[in-house]
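Q: First, the structure itself, so that you have it in front of you.
The values are calculated or read from the model by the stated rules, or taken from the named source; none is laboratory data. These figures come from a predicted structure and were not determined experimentally. Neighbour counts run over all protein chains shown; Cβ positions are idealised from the backbone, glycine included. The area values use the complete protein model at the heavy-atom level, side chains included, leaving out ligands, DNA and RNA. Shrake-Rupley method; radii C 1.70, N 1.55, O 1.52, S 1.80 Å.
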Amino acid sequence: MPVLTAALLSFGVIFVAELGDKSQLMAMTFALRYRWWVVIAGITVATTVVHLVSVAVGHYLGVALPTAAISIVGGAAFLIFGAWTLRGDDLSDDEQLKAGRATRSAFLAVTSAFFLAELGDKTMLATITLATDHDTIGVWIGSTVGMVAADALAIVVGAVLGKHLPESVIRIGAAVLFFAFGIWLLLEGLLPGNVAGPIAGAAVVVLALAGAAGRAVWSRRRRGAAAEPEQMQHQD
C-alpha cells in the first residue's frame, strides 16, 4: 500500500533526523516555560503546515524558498522571545484572564518559532526529497508524526526539569537558549553553509554556564566569609 509505505518510511527518516537537532532543544526549552500540551499543540500545527509545504514542493519540484531571509527573521524572533522570557509575564490580576492570555501567547510563540525554524531545515529538505519519489499524503503524515514524536521526547525532559528547578533558573536558562537559537539562525541566514551559527550558539550557552558557575563560586565564598566572624564568636 503506497500511502502506508510512504508514511512508515517518512516517519523513520524524520524521527532519526530530528534526534539531536536544534528543534528538539527548542522543544525542551519551551517545555521549561509552558505547559507540555501547549508546546506539543504548537509544534503539531507548525509541523503540519511546514511539511504540507514540503510535500507540495517535492511533488511539483523547482519551487525555491528564500531560506536565508527566513532564517534571519526566525533569528530575530528568537531574540525577541529571549528578551520576553527575561522580562517575565506582566498580566492582569484576574487569574482566569491571566491563564487564558498566557496560554494563547505561549501557543502563538511556539507555533511561530517552529514554523520559522523548520523552513529550510534538514527535516524539511528530507521531506521534500521523500515526496519526489513516494506518495505525498503518506510522506506528509509520516514526516509530521515523526517530527512530533521526536520533539515529544524533548518535551518530556523539559517538563520534568521544570518541576525540579527554581523559577529563576528556568527563566534565565530558557532566555539564554532562546538567545543562542536566535544567533544561530541569524548567522545561518547571513552566512549560509557556514558553521558559524552552531558555534556562536554553543558559545553563548558556554559563556552563560561559565558566568553561572562563577557567580555560584563567588556567592559561596561570600557566604563563607560572612560565616567566619560568627564561628570565631562562638569559639570565644
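Q: For segment 159-177, which positions are buried (at least 23 other Cβ atoms within 10 Å of the Cβ) and at pLDDT below 75?
A: Of everything in segment 159-177, just one residue is buried (at least 23 other Cβ atoms within 10 Å of the Cβ) and at pLDDT below 75, namely A174.
Q: Return the total of residues in segment 106-158 being of a type in the set (F, W, Y) and either surrounded by fewer than 23 Cβ atoms within 10 Å (Cβ to Cβ) or touching a Pro at 6+ places or on another chain (Cβ under 7 Å) (or both).
A: Going through segment 106-158 one residue at a time, the tally reaches 2.
Q: Please determine, by comparing only the residues of segment 6-23 that are over 12 Å from S143 (Cα atoms) and open to solvent by 30 Å² or more (accessible area, probe 1.4 Å), which one is modelled with the highest pLDDT.
A: L19
Q: Of all residues in segment 40-74, how many are of a type in the set (V, I, T), open to solvent by less than 40 Å² (accessible area, probe 1.4 Å) and at pLDDT 90 or above?
A: 3
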